[in-house]
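> Okay, here's the structure, questions in a sec.
The values are calculated or read from the model by the stated rules, or taken from the named source; none is laboratory data. Here the structure is a predicted model, which means the values were calculated and not measured. When we count neighbours, we look across all protein chains shown, and the Cβ atoms used for this are built from the backbone with ideal geometry, even at glycine.
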Amino acid sequence: MPDAEVKILPNFTRFVQVGRVAYIAVGRHRGKLCVIVDIIDQTRALIDGPLSGVRRHAMRLKWLHLTDFVIKISPSARAKTVKKAWQEANIDEKWQSTTWCKKLEAKKRKEAMTDFDRFKLMIAKKKRNAIVEKELTKLKKAAAKAK
Amino acid sequence: MCGILFGTCLSSSLHGLLLNIMEDETTKRKKPRSRQRWLTGGIPMFSRSVMYRRTAKYLKKKPIVKKEKKAVERFVVKEVGGEKNGGTRKVPLQKQPRYYPTQEGRRKLKGHRKPFSEHKRRLRPSITPGTVLILLAGVNRGRRVIFLKQLGTGLLLVTGPMKVNGIPMRRVNQRYVIATSTKLDISSVKIPGKLDDAYFKRKKLRTGKRSKNIFDDKKETYEVSDERRADQKSLDAQIIPLVKKEHLLAKYLQNPFSLRTRQYPHKMIF
């Protein structure tokens, strides 16, 4: 299906389809990954996340942010099958290596910083910027000299 | 009406019974039976006069003993000097009070209300000895200090330490403080017992003695006592090595806290 759609909609790469791994952005399960197991209608899909602790239920498509990953399952495949396909596709590892996931984790870490951590970060940034400044001025001087 | 008739009917028959009871003192009832009858609504059946008869109060009359009243000496006649003064005065022995208070006695605190000295002191669980606190009010607002212990009045004893950030050991109100999650292990630090509320209490500078020329008076300013300096030094001597062990902690205590753009205290973890 997606292959055919690519010709019609060349700018879209991620489709709501059976097997599409999605990131739940809203609701009780926000922050977890799930798989679209079936499409109910224009607004809802049946999702399941046996390895991420999301029970099979209907979810608003607006609540789902689609990832690049698709696993090979047939519509309404049971949780056991979904689990197997997920593990075979190694989704967890693939997800961890994406920039998206890394950004989310960085944000979490930032929010969990204590006052002392924030202070240490400030010192570290200052030091880093000082080094960068130093090198930059060196390069500027060299460039000015070269002219 | 009905009650009275009923009472009069029975009283004669009861009278004989009563006399028998009165004579026989050995028979004692375990429970004294009331001769009154109660109708619905708590209304007694027999009136007071009927009850007088029913309970034979005429038999239980006690002779009234009259108390002899002693004549109380109220006045004393005293001689008074001076011409045309009458010579004597009647002086009352018991004088009327000079002052009548508008309130009877001192108002006692009702029930559960306790004076301040007896109040329960609470300490936030996030504040433990060695916690780094951010002061929010006063001269040192925004500064970071180390919490030592809670004093008797509930105020917190904190110190900079002095050599680190210039804040002396001081009392601080719990309410004007943010407790950070940064904690220093000060279990080895011995805080002298003399550092209590009395030690830190503000001394009144004006003693009340003023010279005739007010311009000659020196301005009384607060001066740190040598005792205070010595105590500060000895206390900080214990704490500073612990501070220096932690990487960047001394610098952290030196730097004051401030909020930047997009920093919301309710969303921040301290």
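> Looking only at the stretch A:73-121, which residues are within 13 Å of chain B (Cβ to nearest Cβ) and assigned to a helix (DSSP H, G or I)?
A:K107, A:K108, A:R109, A:K110, A:E111, A:D115, A:F116, A:D117, A:R118, A:F119, A:K120, A:L121, listed by residue number.
> What is the one condition in (1) surrounded by 12 or more Cβ atoms within 10 Å (Cβ to Cβ); (2) outside any strand (DSSP E or B) that A:V21 does not satisfy?
Looking at each condition in turn, A:V21 falls short on (2).
> Where the second residue is of a type in the set (V, I, T) and the first is within 14 Å of chain A (Cβ to nearest Cβ) and lies in the stretch B:237-251, which pairs have Cβ atoms under 6 Å and are six or more apart or on separate chains?
Filtered contacts from the stretch B:237-251: B:L249/B:V243; B:A250/B:V164; B:A250/B:V243.
> Among residues belonging to the stretch B:255-270 that are in contact with a strand residue (DSSP E or B) (Cβ under 8 Å, 6 or more places away or on another chain) and surrounded by 14 or more Cβ atoms within 10 Å (Cβ to Cβ), point out the one that is nearest to the other protein chains (Cβ to nearest Cβ).
Among them, the one singled out is B:F270.
> Tally the residues that are small (G, A, S), out of contact with any His (no Cβ under 9 Å at 6 or more places or on another chain) and assigned to a loop (DSSP other than H, G, I, E, B), restricting the search to the stretch B:44-78.
Result for the stretch B:44-78: 2.
> Same structure, new question: For A:V6, work out the one condition from (1) exposed (fewer than 14 other Cβ atoms within 10 Å of the Cβ); (2) modelled with pLDDT under 95; (3) assigned to a loop (DSSP other than H, G, I, E, B) it doesn't fulfil.
Status for A:V6: all satisfied but (3).
> Has the stretch B:85-100 got at least one residue that is over 30 Å from A:F116 (Cβ atoms) and among the hydrophobic types (A, V, I, L, M, F, W, C)?
yes
> Among A:L139, A:L64, which is of a type in the set (A, V, I, L, M), more than 14 Å from chain B (Cβ to nearest Cβ) and within 13 Å of the chain's Cα centre (by Cα)?
After applying the criteria, what remains is A:L64.
> Give the stretch B:135-193 a look and list any residue that's within 14 Å of chain A (Cβ to nearest Cβ), among the small types (G, A, S), surrounded by fewer than 17 Cβ atoms within 10 Å (Cβ to Cβ) and on the phi < 0 side of the Ramachandran plot, or say none.
B:S181, the sole residue that qualifies.
> Looking at the stretch B:152-209 only, could you name the residues that are assigned to a strand (DSSP E or B) and within 19 Å of B:V139 (Cβ to Cβ)?
Matches in the stretch B:152-209: B:L156, B:L157, B:V158, B:T159, B:R170, B:R171, B:V172, B:V177, B:I178.
> With respect to the numbered conditions (1) modelled with pLDDT of 95 or more; (2) surrounded by fewer than 18 Cβ atoms within 10 Å (Cβ to Cβ), which one is the sole condition not fulfilled by B:R202?
Among (1) modelled with pLDDT of 95 or more; (2) surrounded by fewer than 18 Cβ atoms within 10 Å (Cβ to Cβ), B:R202 violates only (1).
> Every residue in the stretch B:102-139 that is more than 24 Å from the chain's Cα centre (by Cα), part of a loop (DSSP other than H, G, I, E, B) and of a type in the set (V, I, T), please.
If the condition is that a residue be more than 24 Å from the chain's Cα centre (by Cα), part of a loop (DSSP other than H, G, I, E, B) and of a type in the set (V, I, T), then B:I127, B:T128, B:V139 are the ones that fit.
> Determine whether the stretch B:253-263 contains at least one residue that is basic (K, R) and outside any loop (DSSP other than H, G, I, E, B).
No; the residues of the stretch B:253-263 include none that is basic (K, R) and outside any loop (DSSP other than H, G, I, E, B).
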